[in-house]
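Below: the structure, in structure tokens.
The values are calculated or read from the model by the stated rules, or taken from the named source; none is laboratory data. This structure is a prediction, so every number in the text was calculated from the model and none was measured. Cβ sites come from the backbone with ideal geometry, for glycine too, and all protein chains shown count toward neighbours.
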Amino acid sequence: MTTVLDDALGRRAVACLRTRLLSGLPPTRAVAVHQVVSGDRLDLLSHRHLGDPLAFWQIADANAALDPDELVAPGAEGRLLVIPMPGM
């Protein structure tokens with residue numbers, strides 16, 4: 001999919017992926033629940049709990065987050081994150 005952008009760099013075509021919609025996700029079986037603390041990173045959490053730093057999207061899906069970064073943003077301290085079973 002290609003999108004045309006008009007910005008400070010001029011008019012340009014940018015290749016992009018389609019947006020994944022999260023509606024209708026099945027219930028997730030949790031392996032753990034993690035309370036967010038300052039300095040948490042989603043890639044490190046997914047590595048610790050799922051064994052793969054690139055599986056951060058599974059945690060994002062389990063918590064119905066369209067923007068994974070919002071799960072560990074500075075204002076998210078104290079938030080509880082569901083850590084799904086690997087491969088869910």
Exercise for the section: Kindly list the number of the only condition in (1) aliphatic (A, V, I, L, M); (2) modelled with pLDDT under 90; (3) under 15 Å from the mean Cα position of the chain (by Cα) that fails for Val36. Expected result: (2)
Practice task
Read through the list (1) modelled with pLDDT of 85 or more; (2) assigned to a loop (DSSP other than H, G, I, E, B), then give the number of the only condition that Thr28 fails.
Solution key: (1)
Practice task
Quick one: count up the residues across the stretch 48-86 that are assigned to a loop (DSSP other than H, G, I, E, B) and in contact with a Lys or Arg (Cβ under 8 Å, 6 or more places away or on another chain).
Solution key: 1
Fill in the blank from the handout: Conditions (1) at pLDDT below 85; (2) of a type in the set (Val, Ile, Thr); (3) touching a helix residue (DSSP H, G or I) at 6+ places or on another chain (Cβ under 7 Å) -> Val4 fails only (3)
